[in-house]
2 protein chains.
Amino acid sequence: MQDREKAFIRALIQSGATEGIGDDGVLIARDCAGYVVASDAFFEDVHFKRAWGSLEAIVEKCFAVNLSDIYAMNAIPSFCLLTLALPNGFKEVGRLANVIGKCALKHRIKIIGGDTIAGEKLHFSLTILGKRQGRILTRKGIKKGDILGYISPNSVLTHCKTQAFGGNIKALKTALRFHKNSKIQSNTRFAKPILYPKMLLRLNGIARVGMDISDGIFMELSRLSRLNHLGFKITKYKGEWLYSPEEYQMLYAIPKMRLKKMKNLAKQYRHAFIPFAQAVCGRFMESKRNWHA
Amino acid sequence: MQDREKAFIRALIQSGATEGIGDDGVLIARDCAGYVVASDAFFEDVHFKRAWGSLEAIVEKCFAVNLSDIYAMNAIPSFCLLTLALPNGFKEVGRLANVIGKCALKHRIKIIGGDTIAGEKLHFSLTILGKRQGRILTRKGIKKGDILGYISPNSVLTHCKTQAFGGNIKALKTALRFHKNSKIQSNTRFAKPILYPKMLLRLNGIARVGMDISDGIFMELSRLSRLNHLGFKITKYKGEWLYSPEEYQMLYAIPKMRLKKMKNLAKQYRHAFIPFAQAVCGRFMESKRNWHA
C-alpha cells in the first residue's frame with residue numbers, strides 16, 4: 001500500500017465514519033449477525049496482467065485472495081457479490097461467466113448480486129460474506145511472550161509438490177522482469193494460491209491472533225506491532241521469506257504452551273507451523289518494500 | 001445494460017452459482033440473517049465525469065444510488081464496504097476521504113472495510129448492508145389488476161423546489177451534449193438524488209412490489225413483465241417520463257383497493273403517488289434505449 005492510500009484511510013478514520021478498520025485499512029473484523037464481510041479489488045494491470053495466465057487462473061486467484069481473508073477470520077465463505085468491468089472488445093464474456101460460476105461452485109459460495117459494467121479494463125471487485133465459526137480471529141490480542149509462526153506446506157511430506165513459504169518473491173520478480181509476454185510459473189502460490197480451509201479452521205481454534213499474509217511477513221509485523229503495542233524478536237534466520245508477498249498463508253500468534261499442539265495439528269494436514277518470532281516489549285519498524293503499484 | 005453484460009449474467013446464472021439474481025442481473029433480494037446486501041459500481045467515465053461536478057456531488061450520488069437500492073428493499077442501511085481506485089496524480093486524497101466520511105455520517109452508515117488501490121481513474125465500488133425492516137420488498141409478486149405508480153415530489157406542495165419525475169432525461173441529454181466541460185444542473189435528481197427514507201419505509205409497508213427506478217420506467221416494466229409473467233397497460237399519457245433514467249424514485253405495484261391509502265400517505269410527505277399502468281395478462285416488450293456506456 002502506498003503512502004497516498006494510507007493517507008486516505010487515515011483521513012477516513014479521522015472523519016469518524018469507520019468501524020473496525022485498522023490504521024492501514026486492514027479490517028479488524030466485523031460481525032453482522034454471525035457473518036463477517038470483506039471486500040477486495042482485483043484490477044487488471046494493478047493486481048494482474050492478462051498475459052500472465054488463463055482466465056481460469058485469474059478468476060481463481062481473485063476468489064482465493066478474498067476467500068483467504070474470510071477463512072483467516074475463522075468464517076466459512078457463503079455468499080459473494082461480484083462487481084465486474086468488462087473491457088470493450090473483450091470476446092470471452094460467456095467463457096468468463098462459466099469460469100466464475102465454476103469457481104464459485106467449487107468454493108461452495110453463492111453469487112447473490114453485484115454489478116456488471118462496460119469499462120476499459122477487466123476489473124473485479126468482490127465482496128464475500130462468511131458465516132462465523134465460533135470466535136472471530138482478529139489481529140488484536142497478542143500477549144508478550146507469544147510465539148509467531150507461519151504455515152508452510154511440509155515439503156518432505158508432500159514430496160515437494162507445493163512450493164514452500166517464501167517462494168513467491170522469486171515468482172513475482174520473474175513476472176515483473178519479463179513483464180507483459182511471460183506467463184507466471186503455474187506451480188507457484190503467486191499464480192495459483194491454494195487454500196486449505198479444513199486445516200485453517202482447525203488451526204484458527206488454537207491461535208490467539210491470525211491473518212493471511214498478503215503483503216509479506218515484514219509488513220504484517222509492522223501492522224501487528226502498531227495494533228498490539230508490542231515489538232517482535234525475529235528468531236529465525238533473516239532472509240527473503242520476510243518480504244515474500246501474496247503467499248496467502250496464515251500467520252498465527254499463539255501462547256508458547258500451545259506450540260506443540262499447533263505443530264502437531266499442522267503436520268496432520270501435511271503442513272508445518274514454522275515459528276519465526278516472539279512478542280516482546282517495544283516497536284517493530286516498517287519496511288519500505290511494496291509490490292502493488 | 002448492454003447485450004454483452006446481459007449475456008454475461010445469463011451465462012453466470014446457467015452455471016448454477018447464483019442465487020436470487022433476476023435474468024437481467026437485478027437482485028431479487030437476499031436476506032442474510034436479517035441483512036440485505038447490494039453492490040454497485042460507480043466508475044469515472046462510465047457513470048460520471050469528474051468535470052460534471054464537485055467531489056461532494058460525485059460521492060453523494062455514488063452513495064445515494066446504492067442507498068436507494070437498500071431502502072427499496074425495505075431495509076435501513078447500516079454498514080458499507082468501499083473499494084476505491086485512486087488515479088495517479090489525484091491531488092485531493094485527503095479531501096475525498098473527508099467527503100466520503102461526511103457522507104457516510106450523514107446517512108448514518110459505518111464504513112467497515114474495503115480496499116484502496118492505485119488505478120488509472122477514480123472508481124468506486126460500494127457494498128451496502130441494510131437491516132431488514134419487516135418484510136423484504138422484491139420485484140416479484142404483482143397480481144393481475146394491480147396498480148403501478150411512481151413517487152414524485154408534489155410540485156404544488158413543495159413550491160417547485162424539487163424537480164418532478166421525468167426531468168432527468170433533459171439533464172442527461174444536456175450533460176451528454178456539452179460533454180466534458182459542462183457541469184450538470186445541480187437542482188436535478190440526476191446530479192443530486194434526494195432520498196426520503198422515512199417516507200419510503202412507510203410506503204414500502206403498503207406496496208406489494210417495489211423498486212427504485214434507475215434505468216427508466218420502460219426498462220423496469222420489461223423486467224417486471226419477465227419476472228411476474230404479466231403485461232402492463234399504460235394508463236397515463238406516454239411521454240419522455242417513460243424513459244427518464246437515474247430518477248432514484250420508487251416504482252410500486254399495489255392492490256387497487258390500497259390506491260387511496262397510498263396517495264394519502266405520499267401526500268403527508270409532500271409527494272404524490274402517480275399511477276401510470278395496470279397489470280394485465282400478456283407480455284411487455286423491452287425498449288432499446290440505454291444510457292450507461
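No lab work stands behind these numbers, since they all come straight from the coordinates. Keep in mind that what you see is a predicted model, and the values were worked out from it rather than measured. Cβ: placed from backbone, ideal geometry, glycine included. Neighbour counts: every protein chain shown.
General remarks:
- Positive minus negative residues near A:VAL93 (Lys, Arg vs Asp, Glu; Cβ under 13 Å): +2
- Ascending count of other beta-carbon atoms within 10 Å, so fewest first, for B:CYS80, B:CYS32: B:CYS32, B:CYS80
- If you take all other residues with their beta carbon under 9 Å from the beta carbon of A:ILE206, and give Lys and Arg +1 and Asp and Glu -1, the sum is +4.
- Oblate is the label for the stretch A:1-132. Its Cα gyration tensor axes, ordered a ≥ b ≥ c, give a/c of at least 1.5 and b/c at or above a/b.
- Two-site FRET efficiency, B:ASP45 against A:GLU240, from Cβ-Cβ distance with R₀ of 45 Å, rounded to 0.05: 0.65
- Inter-probe distance in nm under a simple model that places probes 7 Å from Cα toward Cβ, at A:LYS198 and B:LYS267: 6.7 nm
- Sum of side-chain charges, B:ILE76 neighbourhood, beta-carbon under 11 Å (Lys, Arg +1; Asp, Glu -1): +4
- Other-copy label distances relative to B:GLY141, 7 angstrom Cα-Cβ extension, nm: 4.0
- Long pairs among A:LYS131/B:LYS131; A:LYS6/B:LYS106; A:LYS110/B:LYS49; A:LYS61/A:LYS106; A:LYS233/A:LYS263; A:LYS49/A:LYS198, criterion Cα-Cα beyond 22 Å: A:LYS6/B:LYS106; A:LYS110/B:LYS49; A:LYS49/A:LYS198
- Arranged from fewest to most other beta-carbon atoms within 10 Å of their beta carbon, B:TRP52, A:TRP241 become B:TRP52, A:TRP241.
- Between copies, the label points of A:ILE194, set 7 Å from Cα on the Cα→Cβ line, lie 6.0 nm apart, reported in increasing order to one decimal in nanometres.
- Plainly put, the tip 7 Å out from Cα toward Cβ on B:LEU55 is 3.8 nm from that tip on each other copy, the closest given first.
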